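Input: a single structure, listed below in structure tokens.
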């Protein structure tokens, strides 16, 4: 693994012979950021949820880490746990950037791409803020950062605090230096072709209360074959805040693109 001290940790569920569906989580979470979707979509897919470098049980990274390195490492996890059939790639926030790179690394292996909490910016001005906060507060910053991923209304709910604590309880396995390397890699400007030459069917999902709602619309405009859906009242991690709405949009989108084994909508 280029610039990584070993293969990424990932968890899998569902029939090993079913079509692969890959989930790549946002900062500051780990693969449990997809806990509802792993439970739901494993009825029809071989679901693989990856821990990004520095998070969960994945290894540390070395200086020079790039988003291409991360994309290749995610594909290695898919090959290991789900075989080599075409996959549906699903990513939130930084995960949405990773799945775009995954497409370009293996376009023939990509059946569809779903991006939530993801956007396009000419300058990624959020990265220095996150790097500074992690540098000052360490892994304890994950608690407040997780709550920022939810809408103001959801933040005060007991389940939001439960989720924030869930990620905090895994700090013993996290690596701050690697998380910072991930942010430096993510902060690099996206090449023009990353979105504009993504030819697979694509769905961009954004919560109406997401701080990346505007950039999400800009990303949608750059994609050649994409649909945009807004989840009313949801924040950045809408797959956790409103899993019923997020999953319904995914099912509708995938059925429209030939996944007829999925249930029909209401």
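Coordinate-derived values only; no laboratory data. Bear in mind that the values here come from a model prediction, so they are computed numbers and not experimental data. In this analysis, Cβ positions are derived from the backbone assuming ideal geometry, glycine residues included, and neighbour counts consider all displayed protein chains.
Among the residues making up the stretch 198-223, those that are surrounded by 15 or more Cβ atoms within 10 Å (Cβ to Cβ) and more than 27 Å from residue 233 (Cα to Cα) are 198, 200.
The set of residues from the stretch 29-60 being over 23 Å from residue 142 (Cβ atoms) and assigned to a loop (DSSP other than H, G, I, E, B) comprises 42, 43, 44, 45.
Listed by position, the helices (runs of 4 or more DSSP H) inside the stretch 179-266 whose residues that are within 16 Å of the chain's Cα centre (by Cα) number at least 3 are 213-222, 238-241, 243-256. The residues on offer are 16, 26, 7, and the sole one that is in a loop (DSSP other than H, G, I, E, B) and more than 21 Å from residue 109 (Cα to Cα) is 26.
When the stretch 146-169 is filtered for residues that are under 20 Å from the mean Cα position of the chain (by Cα) and part of a loop (DSSP other than H, G, I, E, B), the ones remaining, listed by number, are 149, 150, 151. Residue 40 meets the conditions (1) touching a helix residue (DSSP H, G or I) at 6+ places or on another chain (Cβ under 9 Å); (2) on the phi < 0 side of the Ramachandran plot; (3) buried (at least 24 other Cβ atoms within 10 Å of the Cβ) in every case but one. The failed one is (3). Of the residues making up the stretch 128-140, those that are surrounded by fewer than 18 Cβ atoms within 10 Å (Cβ to Cβ) and touching a helix residue (DSSP H, G or I) at 6+ places or on another chain (Cβ under 9 Å) number 7.
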